[in-house]
Amino acid sequence: MLCCSVAIIRKRFGNRVYLYDVICKRVNGKPRIVSQKYLGKPEDVYGSPKLEPKAKAARIYDYGAITALLKIAQELKLVETIDAVVGKRRQGVSVGQYILLAALNRAVAPKSKRQLGDWYRQTILWRHFGFKRRQLTSQRFWDNMGLLTQCKIDKIERRLNESLIQHWDINLAGLIYDTTNFYTFINTQTKCQLPQRGHNKQRRNDLRQVGLALLVTRDYRIPLLHRVCAGNEADTTQFGRVVGDLTKRHRILAQGCDDITLVFDKGNNARKNQVVLDQTAFHFVGSLVATQHRNLLAVSRQEYRAAPLVGGKSLLAYRTQQQVMGELRTVVVTYNPKLAEAQERGIRLTVKHKTPFLNKLAEKRKVTEATMTLTVKRILVGQYLQEVVNWRVVDGRFQWWLDEEGLNRLRRERLGKKILFTDRHEWTTGEIIRAYHGQYVIEHAFRQMKDPYFVSWWPMFHWTDQKMMVHGFYCVLALLLVSLLTKRVREAGKEIGSQRLLALLDGIKEVAVIYPLGKAGAATEYVRSELFGEEAEVQELLKLGQ
């Protein structure tokens, strides 16, 4: 069970009363005393049979989030699955238990391996597992992490997929794929292949980064497949590898749904990947690079029709069929006026920020077009900027201006537009758009993993490729546990986001009240913190008080 109760009880033998310090646990679903210690007579312990002891001290332990996630892990049989693949040790902490502890820590209070022992003692986990702090040193973690290879991680992930399909009723009709990256502080001279410099999505291009490819369900963003990859690896290369893995896993996924649609964005487009995808049993909805299909951008706005979306909303869209990557596809061009307005505001704001730098160039004399070209290119970094800002050199002076005609052309042809393509010819235009808009789910998952408080990738103090690969594994496991917990709460009738849910659960504590017992030492009683409002509601929904 997740916890035990400790109490002082009275036992009567004849006319005499004696005190015992007992520990109770549930055995086969029934409460049983598993340990007891004789304390003495009440008058010997308290000094007077009428006086009750006063509390000496109290300790506070994290309870709510840990207990809820631990229940999910037990139902998922996470530790047993990992140990069955890696091999369980005869004694001590198993690999599965180390990975579970790391995943729980990532979910609720991300720490370095050196701090995990202290964090462990501040939670109810020390009573559940009973591990000594010396068993949770960073070296012990690293040793056990070293037993996990990519092949074993894949096998564990496949078994977890089977468990999810059989016991958790997950919806596999829509799967969302995307990639992100996480910067590191690994030294340039450190010899490892995964951390590389590349285009960092948090603009830390000065640092080496590690990439993460992730496949999640549209409902509740439950991760099914992940890959930790080199920071400079192209998205198309990663996607090609994932398509190959999906082909191997189709037998497992088809047990839950035989009509799966994969959703991805234009950064993953490559003809060779699309050829492989066309040969699988998966359907798809993707997007195209707008500038490569100017004939579609030139279609008059009068040809667009309203496509119904969720909640009575609609979006203007133009639908047609044409050859894309060697096959006839259904193509949908969407136009969102609010997006167009936001993009134009962004362009004007960026130009405003660049104006001082451009004006500084205009103050220079005796410049040439050759010397200005590279400088201006560095300044005009940003989408659409080089299309709306014109410049020239006249008599050795630099001149620049905002090209309103170019901005009008952008407004007419590209702003607010997206081009989608799919092999779902039978779907309505609204269904195609709704499927693609499901990408926000995985974007939320990535934002969650970059949150410093819950389900965080950071801190990451590893310097070898193998350890970084395992680090990515238990970070994704943390996301899995939180996603399943959120699914359970929402299906119970409470609409709540994962971060808010974890914050509420984090407020549920367990208090150890310590009573002095004279010569007998001390006794400890465990009680729950008093709850109000949503905290009490969530505890009742998840049955954490039992």
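The values are calculated or read from the model by the stated rules, or taken from the named source; none is laboratory data. In this text, all values refer to a predicted model and were calculated from it rather than measured experimentally. Here the Cβ is made from the backbone with ideal geometry for all residues, glycine too, and neighbour counts use every protein chain on show.
Please find, among ASP403, ASP506, ASP451, the residue that is closer than 30 Å to VAL333 by Cβ and surrounded by fewer than 21 Cβ atoms within 10 Å (Cβ to Cβ).
ASP403
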Only one of these is of a type outside the set (D, E, K, R) and either farther than 30 Å from LYS266 by Cα or over 34 Å from the mean Cα position of the chain (by Cα) (or both): THR368, THR330, THR334. Name it.
-> THR368
Selection over the stretch 530-546 where residues are in contact (Cβ under 8 Å) with a residue 12 or more places away in the chain, assigned to a helix (DSSP H, G or I) and not β-branched (Val, Ile, Thr) yields a count of 6
How many of the residues making up the stretch 186-205 are out of contact with any Lys or Arg (no Cβ under 8 Å at 6 or more places or on another chain) and not hydroxyl-bearing (Ser, Thr, Tyr)?
-> 12
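Any idea which of THR486, THR464 is of a type in the set (Ser, Thr, Tyr), within 31 Å of the chain's Cα centre (by Cα) and surrounded by fewer than 19 Cβ atoms within 10 Å (Cβ to Cβ)?
Values: THR486 fails: surrounded by fewer than 19 Cβ atoms within 10 Å (Cβ to Cβ).
Exactly one residue qualifies, and that residue is THR464.
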When the stretch 443-472 is examined, which residues are found to be over 18 Å from ARG500 (Cβ atoms) and part of a loop (DSSP other than H, G, I, E, B)?
-> TRP457, TRP458, PRO459, MET460, PHE461, HIS462, TRP463, THR464
Tell me, please, whether a residue that is part of a helix (DSSP H, G or I) and within 30 Å of GLU540 (Cβ to Cβ) can be found in the stretch 85-94.
-> no
Of the residues in the stretch 129-164 that are free of Cβ contacts under 8 Å to residues at least 40 places away in the same chain and touching a Gly at 6+ places or on another chain (Cβ under 7 Å), the one that is surrounded by the fewest Cβ atoms within 10 Å (Cβ to Cβ) is ARG133
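Table: residues versus (1) within 21 Å of ASP245 (Cβ to Cβ); (2) small (Gly, Ala, Ser); (3) surrounded by fewer than 16 Cβ atoms within 10 Å (Cβ to Cβ).
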{"position": "ALA65", "(1), (2), (3)": "no, yes, no"}
{"position": "VAL93", "(1), (2), (3)": "no, no, no"}
{"position": "TYR120", "(1), (2), (3)": "no, no, no"}
{"position": "ILE124", "(1), (2), (3)": "no, no, no"}
{"position": "GLN166", "(1), (2), (3)": "yes, no, yes"}
{"position": "ASP169", "(1), (2), (3)": "no, no, yes"}
{"position": "THR179", "(1), (2), (3)": "yes, no, no"}
Candidates VAL93, VAL17, VAL34, filtered to the one that is touching a Lys or Arg at 6+ places or on another chain (Cβ under 8 Å), touching a residue at least 24 places away in the same chain (Cβ under 8 Å) and closer than 18 Å to VAL470 by Cα = VAL93
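Name the one entry in GLN321, GLN302, GLN292, GLN279 that is at pLDDT 90 or above, in contact with a Leu (Cβ under 7 Å, 6 or more places away or on another chain) and either over 26 Å from ARG158 (Cα atoms) or surrounded by fewer than 17 Cβ atoms within 10 Å (Cβ to Cβ) (or both).
On the way: GLN302 fails: in contact with a Leu (Cβ under 7 Å, 6 or more places away or on another chain); GLN292 fails: in contact with a Leu (Cβ under 7 Å, 6 or more places away or on another chain); GLN279 fails: in contact with a Leu (Cβ under 7 Å, 6 or more places away or on another chain).
Among GLN321, GLN302, GLN292, GLN279, only GLN321 is at pLDDT 90 or above, in contact with a Leu (Cβ under 7 Å, 6 or more places away or on another chain) and either over 26 Å from ARG158 (Cα atoms) or surrounded by fewer than 17 Cβ atoms within 10 Å (Cβ to Cβ) (or both).
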Hey, can you tell me all the residues within the stretch 207-238 that are within 17 Å of ILE153 (Cα to Cα) and part of a helix (DSSP H, G or I)?
-> none
Taking CYS24 and the conditions (1) touching a Ser or Thr at 6+ places or on another chain (Cβ under 6 Å); (2) surrounded by 18 or more Cβ atoms within 10 Å (Cβ to Cβ), which numbered condition does it fall short on, given that it satisfies the others?
-> (2)
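Could we say that ARG204 is without any contact (Cβ under 8 Å) to a residue 24 or more places away in the chain and under 28 Å from TRP458 (Cα atoms) here? Spell out how you get there, then give the answer.
On the way: without any contact (Cβ under 8 Å) to a residue 24 or more places away in the chain: yes; under 28 Å from TRP458 (Cα atoms): yes.
For ARG204, the condition - without any contact (Cβ under 8 Å) to a residue 24 or more places away in the chain and under 28 Å from TRP458 (Cα atoms) - is met.
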Among (1) among the aliphatic types (A, V, I, L, M); (2) more than 14 Å from the chain's Cα centre (by Cα); (3) closer than 23 Å to THR217 by Cα, where does LEU410 come up short?
-> (3)
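Scan ARG127, ARG204, ARG158, ARG140 and give me the residue that is within 21 Å of the chain's Cα centre (by Cα) and not in a loop (DSSP other than H, G, I, E, B). I'd like the intermediate steps shown before the answer.
Numbers: ARG127 fails: within 21 Å of the chain's Cα centre (by Cα); ARG204 fails: not in a loop (DSSP other than H, G, I, E, B); ARG140 fails: within 21 Å of the chain's Cα centre (by Cα).
That would be ARG158, the only listed residue that is within 21 Å of the chain's Cα centre (by Cα) and not in a loop (DSSP other than H, G, I, E, B).
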Of (1) under 22 Å from ILE153 (Cα atoms); (2) surrounded by fewer than 21 Cβ atoms within 10 Å (Cβ to Cβ), GLY438 satisfies all except one. Which?
-> (1)
List every residue pair whose Cβ atoms sit under 9 Å apart, with the two residues 6 or more apart in sequence or on different chains, where the first one lies in the stretch 207-219 and is under 19 Å from GLN238 (Cβ atoms) and in contact (Cβ under 8 Å) with a residue 40 or more places away in the chain and the second, anywhere, is among the hydroxyl-bearing types (Ser, Thr, Tyr) and in a strand (DSSP E or B).
-> VAL210/TYR183; LEU212/THR179; LEU212/THR180; LEU214/TYR177; LEU214/THR179; LEU214/THR180; LEU215/TYR177; VAL216/TYR177
Hits in the stretch 380-390 - residues which are surrounded by fewer than 19 Cβ atoms within 10 Å (Cβ to Cβ) and not small (Gly, Ala, Ser) = VAL381, GLN383, LEU385, GLN386, GLU387, ASN390
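From LYS366, LYS352, LYS377, LYS360, which residue is in contact (Cβ under 8 Å) with a residue 24 or more places away in the chain and either more than 30 Å from ASN273 (Cβ to Cβ) or part of a helix (DSSP H, G or I) (or both)? Steps first, please.
On the way: LYS352 fails: in contact (Cβ under 8 Å) with a residue 24 or more places away in the chain; LYS377 fails: in contact (Cβ under 8 Å) with a residue 24 or more places away in the chain; LYS360 fails: in contact (Cβ under 8 Å) with a residue 24 or more places away in the chain.
Answer to the selection: LYS366.
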